[in-house]
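The values are calculated or read from the model by the stated rules, or taken from the named source; none is laboratory data. On a predicted model such as this, the values are computed, not experimentally measured, just so you know. Cβ sites come from the backbone with ideal geometry, for glycine too, and all protein chains shown count toward neighbours.
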């Protein structure tokens, strides 16, 4: 009989080796071996979604091929085994985030759903007309729109922390916005459009000094930085699996137990209840009261496999490698005539967002694609950021642990060819 651990991955929690071997890592990702338009694929769109290592692909395939069953409801062999594996995956996520209890880990579809859950459950239950929610000017739409919806529902107010020309949050302005009416802060740990790493621990401490809870959007952080939610002290933390080399359609909301227990359910249905009559429903305990319906079981197992894969390599080693690669890429792009970097914060992670004089970003993206280079061109679901810097869109090259200096060199060479085309 297979164990729950065998159903996820056989990876251990020990670092693979002291040295970071990017070529060895690249062999773990089947998609990187292909050619696009006859050229080797250079995948630099990791902030949109990451590629998947073989262990994740195999985990999802193995579940559907040999282990598929619904969880929490069956007494037969497959159901019990799938349930054990899914709950083991929850414990894997809890260790990854350094949560105090696996019950603090809620499976959702992604960071977007996690933020919406907090807005509609915590926000509608504990905020009222005139209360203020503080966000920053560099937020993804997923950390803007849910609060606007809540604002319309209950009459709350949205306050926005400005950023400087480097794309850094103005901490003094943040402090000035916090007052007795502030009932929640929701801020990205890493900007998807700029790469800025916000000083979230400091921001949390400043909010807590006034008794204000904080949600951290970690969608762009968890693939690149070790995260310890107990050390940060945040009340909520969200991230998406697909940016963490896991399947699409699965993500995590971490919440402190005391708050989650006080919050009403976000959705109604099966598995989030303990008893139902036509007169009254009794809700399930944590974490299940927030997990209505059949979840993305294969996605949860794939997420655990991705986490164990990254942990085996070493999160600190990944962060150090990517930091050096980002430095190299920043210096290399600076040699391209007419290129202006958008987002030059002192603390950055993995995102290179730029414009090229006289060339629309969409044209750049189309031309680079013919050279096998996958980048993102557009507003990156962060239109207020584009408005702040006075551009309609940017080109975004975003890095991951499997990218190389040679790929950066290919990007720079292609951009120089773009300049020649539009000269």
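Structure summary
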{"read-out": "Subset of the range 320-342 [crowded, with 18+ Cβ neighbours inside 10 Å and under 24 Å from residue 19 (Cβ atoms)]", "value": "321, 322, 325, 326, 329"}
{"read-out": "Single condition residue 163 does not satisfy, out of (1) in contact with a strand residue (DSSP E or B) (Cβ under 6 Å, 6 or more places away or on another chain); (2) touching a residue at least 40 places away in the same chain (Cβ under 8 Å); (3) within 24 Å of residue 49 (Cα to Cα)", "value": "(3)"}
{"read-out": "The listed residue being buried (at least 22 other Cβ atoms within 10 Å of the Cβ) and without any contact (Cβ under 8 Å) to a residue 40 or more places away in the chain, out of 189, 267", "value": "189"}
{"read-out": "Test: residue 135 is under 24 Å from residue 199 (Cα atoms) and touching a helix residue (DSSP H, G or I) at 6+ places or on another chain (Cβ under 8 Å)", "value": "yes"}
{"read-out": "Selected residue (criterion: modelled with the highest pLDDT) from residues of the range 257-303 that are within 20 Å of the chain's Cα centre (by Cα) and not in a helix (DSSP H, G or I)", "value": "296"}
{"read-out": "Among (1) buried (at least 20 other Cβ atoms within 10 Å of the Cβ); (2) in contact with a helix residue (DSSP H, G or I) (Cβ under 8 Å, 6 or more places away or on another chain) - the single one residue 398 does not satisfy", "value": "(2)"}
{"read-out": "Residues of the range 146-180 that turn out to be within 23 Å of the chain's Cα centre (by Cα), farther than 30 Å from residue 346 by Cα and crowded, with 16+ Cβ neighbours inside 10 Å, as a count", "value": "1"}
{"read-out": "Residue pairs meeting the criteria (Cβ under 6 Å; at least 6 apart or on separate chains; first outside the structural domain of residue 159 (by TED's automatic domain parsing), in the range 198-220; second surrounded by fewer than 20 Cβ atoms within 10 Å (Cβ to Cβ))", "value": "none"}
{"read-out": "Residue in the range 79-98 that is assigned to a loop (DSSP other than H, G, I, E, B) and either closer than 25 Å to residue 351 by Cα or touching a helix residue (DSSP H, G or I) at 6+ places or on another chain (Cβ under 9 Å) (or both) present", "value": "yes"}
{"read-out": "Residue within the range 45-60 that is touching a residue at least 60 places away in the same chain (Cβ under 8 Å), closer than 23 Å to residue 313 by Cα, touching a strand residue (DSSP E or B) at 6+ places or on another chain (Cβ under 6 Å) and part of a helix (DSSP H, G or I) present", "value": "no"}
{"read-out": "Residue check for residue 306: at pLDDT 95 or above and either in a loop (DSSP other than H, G, I, E, B) or surrounded by fewer than 20 Cβ atoms within 10 Å (Cβ to Cβ) (or both)", "value": "no"}
